[in-house]
1. Once R0 is set to 25 Å, what does the formula 1/(1 + (r/R0)^6) return for the Cβ-Cβ distance between residue 313 and residue 131, expressed as a FRET efficiency to the nearest 0.05?
2. Regarding the range 206-319, what is the average projected area of its C-alpha convex hull, in nm²?
3. Averaged over every viewing direction, what's the projected area of the C-alpha convex hull for the range 162-206? Give it in nm², one decimal, please.
4. Report ³J(HN,Hα) in whole Hz for each residue of the range 303-312, in order, from the Karplus equation J = 6.51 cos²θ - 1.76 cosθ + 1.60 where θ = phi - 60°; Gly and Pro get x.
5. Among the complete DSSP H segments of the chain, which ones combine at least 18 Å of alpha-carbon extent along their axis with a mean Kyte-Doolittle hydropathy of -1.0 or more?
6. Cα centroid distance between the range 199-252 and the range 90-146, in Å?
7. Non-local amide H neighbours of residue 223 (under 5 Å, H modeled in plane, Pro and chain starts lacking H): which ones?
8. Taking the Cα-to-Cβ direction at residue 59 and at residue 264 and moving 7 Å from each Cα, how far apart do the two end points lie in nm?
Amino acid sequence: MDFARSRVAIGVVAAASLGLLGWPEGRGVPTSFAQEAKASPPIWTVPEIGALPNDADGRLVRRGRDLITATYAHIGPEVADPAKRFAGNNLACGNCHLQAGTKKFGIPLFGLFGKFPHYNARLGTEMTIEERLNACMTRSMNGRPLPAGAPEMQALVAYIKFLSTGVAPGQLLPGMGTGNMPELDRAADPARGEALYANACLTCHGPNGAGIRRSLPTTDLGYMMPPLWGNDSFNDGAGMARLITAANFLHFNMPHGVDYLNPQLSPEQAWDIAAYVVSKPRPHKAGLDKDFPDLLEKPVDAPYGPYADGFSEQQHKYGPFAPIRAAIAKLKTEQKGAPAPR
């Protein structure tokens, strides 16, 4: 799909270039080529932050990007001003939202602004973009919420809005989320994952998953490679603590430098490494039992109860997930009062 779009995009650029050179359509440009260029939909690309003017709005957007890429330096647990210590770990938002939130299947932030507010199953109600950012602050960053009026919150929202520049209402951009690779028909295996981790991940993230700090013995520059578990990692309520999210993220982005066009981990390897990572200890988020008021909307890989489907926490954590999905579908059908599928 991307290859085909790239060919069309090249055609559009070429046609535009010919026009700029005074080569009008019909004089040397094949009719079919010109028609294809005219008919093709516009290709959306990430806006260029460097083109923003040096005014208040431009500086606010750049501040938002800085908060994504160096969260620890501005609102981390070791910043000089205690009032600014919102994050509870020294991660950066960009450790999960790769390339400052612009990488396809690296949990990008582009194209999201117009989707808020929207219904959120974890809350059981509408969620604003500020509430979504604070879900990251209290889960992935293991910290406390940013006030809606805080300059840091305003900068983050401005950056996400900027990354949606040119996105039409309802437009679905390719590359959102973490991707969707085939699932296993068995439980993902942490023991297999440990051996695979030693081969593919240990050099960057260490034998104890602690990552590599940039500036030890000082603490102001975060991590070159982030910790995957332990006290300075995301907590057990974060999206990355769920197997499906972690496995797809690994498959399409790891080892460092890989992208979705050239994955190096097979799906099976990614599932097992993810199982090893999510099996390890990490901070606990209080109140997880209040998540998902409607338990039938709870993700099948939520690694904490309660559940409505009768399956164990172990199976929710490692799979296989197809039987859980079937049970939930049956319960939803029964809830509506319709005959259950046989």
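1. Values: r = 27 Å, r/R0 = 1.08.
Once rounded, the FRET efficiency stands at 0.40.
2. Details: hull surface 33.8 nm².
Value for the range 206-319: 8.4 nm².
3. On the way: hull surface 24.7 nm².
For the range 162-206, averaging the hull's shadow over all directions gives 6.2 nm².
4. Values, residue by residue: x, 9, x, x, 10, 9, 9, x, 8, 6 Hz.
5. Details: long enough: 2-20 (27 Å, 1.14); 56-69 (20 Å, -0.60); 322-335 (20 Å, -0.11).
What comes out of the filter, once short or polar helices are dropped, is 2-20, 56-69, 322-335.
6. For the range 199-252 versus the range 90-146, the Cα centre distance is 18 Å.
7. When sequence neighbours closer than 5 places are left aside, the close amide H contacts are 214.
8. Output for this residue pair reads 4.2 nm.
Bear in mind these aren't lab numbers, they're just calculated from the coordinates by the rules spelled out. Only a predicted model underlies this, so the values are computations on that prediction, with no experimental measurement involved. Cβ: placed from backbone, ideal geometry, glycine included. Neighbour counts: every protein chain shown.
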